[in-house]
Amino acid sequence: MKGIKQEDYDDRSRLLSSNQPSTSYQATQRGLGSADYSDLSSSTLARTENMRCNNESTEKCMASCKDQLCGPANPVTRYCQNFFTVDNAKRKFPFVKWAPQYRLKHFVGDLVAGLTVGLTVIPQGMAYAQIAELPAQYGLYSAFVGGFIYCLFGTSKDITMGPTAIMSLLVAEFASEKAPTHEDAPTYAIALTLICGLLQMAMGLLNLGFVVQFISFPVISGFTSSAAILIAFSQVKKWLGLNDVPRAFIPQVKATFSKIPETNLWDMTMGLVCIVILVCMKKLKEYVDPKLKMELPKFKKIVYKFAWLLCTARNAVVVIVCAGFASILVDIYGFKVGGNSFLTLTGNVRSGIPSPSPPTFYIHHFNNDTQTSITKGPGDIFSDIGEGFVVVTLIGLLESIAIAKTFARRNEYKIDANQELIAMGISNSISSFFHSYPITGSFSRTAINSQSGARTPANGIWTGLTVLLAIAVLTPYFYYIPQATLAAVIICAVIPMVEYEVIPKLFKVKKADLFPLFITFIVCLLVNIEFGIISGVGFSLLMLVYPMSRPELTIRHEKSLDVEALPNDETINVCK
């Protein structure tokens, strides 16, 4: 204890026992007195406390910066913070961006486009209801709600929501065919609409739009082409006036050819004339389109514009003319409806705007033929539809987003794919309360909408109002529409969907992609749609994974330059 006072030692012991920094001990070793040591200890403790506070503030600052730049560590908290913001609210309600800038020129463009699309979707909706194996009015119910809803939530000014040929085929596959009786088919279709809408909306809110990327282009092309052939051939029986033809493709082909002697000549002639007129009017529209962009005298401009409008609404024109012709023959000349002595007509269509009501998931009625009661609850209906919920959801969003991206690129604006999912999901969910079957974007009507001068999504309001007017006023006259005319409308609409021009392009670019295309096409055609899509996607993934399981090895033989090797010595490098 030489050179150190007792009180200094006691201070050093006390500080060491309290785990203070070693600076105090160093000060004691230098022979400082108790007073000097006390001052040094106080200052050291103060500096240590300041350093601790500074470190804590630095950590808090770094954590705050991390939260601001990267968001909180909890993904749920991060999602909620990003979701409940003003900018996100504007993205979820796109109409708040374009509505304040809406002017008269936008109103005129949307009015003309909406009315033109409305005249197109009325006959198409009734025709597509036949594909879905539902009464004609359900095609009209599916045609008006989407326009009102998409106007509020959609990001594309061109796309039109409503019934399509492919979705109608899927409804027939997963709803109408699974229903115990034909009268129960609407219940299955409406339940399918609600669940698919909720799934699409959830996918949009969770930013899951990337899922469609797993369905490759060859699979989409094969599915679309096979669906077009299935739809077109299913209308041949309507065109020829044949009855009792099965729905499955191979039995349908056999039955159709075996029943050709039973063809109704009235239906066959009417359908053939309608197909010729529709094809000619389509060619005339292709001729008139470039003329509208040229500088022409005012009179010629008016003539070309009228011809373009007439050809654009060619489906409505043909249906109106044929219905008028049939009504004259029935009411004035006394032709009797039924049998092969006259045209097969659509028949009674329920009139009146449907009152909104929640979808029912319950079926109970007595079958007089079998003297048994049929009861189906929600679990039974969901089990019957099964994988249809997934297939219809994916195909619907795939079709709609592909169309929206195509026209956004063509007209130089951007869309939000996840917001499109939300818009389509809300449209389907709400339309199910108005007895609609699943809807999505229509390519043909979207093209008409774009060419007619649509300026904003508000054009869907005028389309919806046109359909509502038809439902409220014109349904008694739909009785006279020949089924052969509707069949001709469908055949002319789906035949261009056969993508035969893709085959030589894929053959030049990547021949291997032809395999999933043909597999999807053949399985969809001969088995059913869901197995066709699954087979195509599975084969595409197999083509992607197989090269990874058997990587190519390149063996290079190199002589060493640094060491003088024997004549037969060589180094082998194995490179992937």
Need one word for the range 155-306: rounded, prolate or oblate. Basis is the Cα gyration tensor (sqrt eigenvalues a ≥ b ≥ c); a/c below 1.5 gives rounded, then a/b vs b/c decides.
oblate
So, by mean Cβ neighbours within 10 angstrom, what's the order for 324-337, 139-152, 384-397, 451-464 with the highest one leading?
139-152, 451-464, 384-397, 324-337
Arranged from highest to lowest average of other beta-carbon atoms within 10 Å per residue, in what order do the peptides 471-482, 193-204 appear?
193-204, 471-482
Point-to-point label distance, residue 295-residue 262, nm (Cα→Cβ direction, 7 Å offset)
6.4
Of the cross-linked pairs 97/414; 178/254; 157/405, which ones have a Cα-Cα span greater than 21 Å in the structure shown?
178/254
Give me the distance between the Cα centres of the range 189-243 and the range 436-514, rounded to whole Å.
13
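Using the scaling law 2.2 N^0.38 Å as the reference, what is the normalised Cα Rg of the range 461-519?
After normalising by residue count via 2.2 N^0.38 Å, the value is 1.96.
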By the C-alpha gyration tensor axes a ≥ b ≥ c (rounded if a/c is under 1.5, else prolate when a/b exceeds b/c, else oblate), the shape of the range 177-267 is oblate
Decide, for the range 330-462, between rounded, prolate and oblate: order the square roots of the alpha carbon gyration tensor eigenvalues as a ≥ b ≥ c, take rounded if a/c falls under 1.5, and otherwise choose prolate if a/b is larger than b/c, else oblate.
oblate
Largest first and rounded to whole Å, the semi-axes √(5λ) derived from the alpha carbon gyration tensor of the range 422-566 read 54, 20, 17
Residues meeting the amide H criterion for residue 440 (H placed from the backbone, H to H distance under 5 Å, 5 or more places apart or on another chain) are 162, 164
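Every read-out reported here was derived from the displayed coordinates using simple, explicitly stated rules and does not represent laboratory data. Since the structure is predicted, the reported quantities are computational estimates derived from the model, not experimental observations. Every residue, glycine as well, gets a Cβ built from its backbone with ideal geometry; the counts of neighbours run over all protein chains shown.
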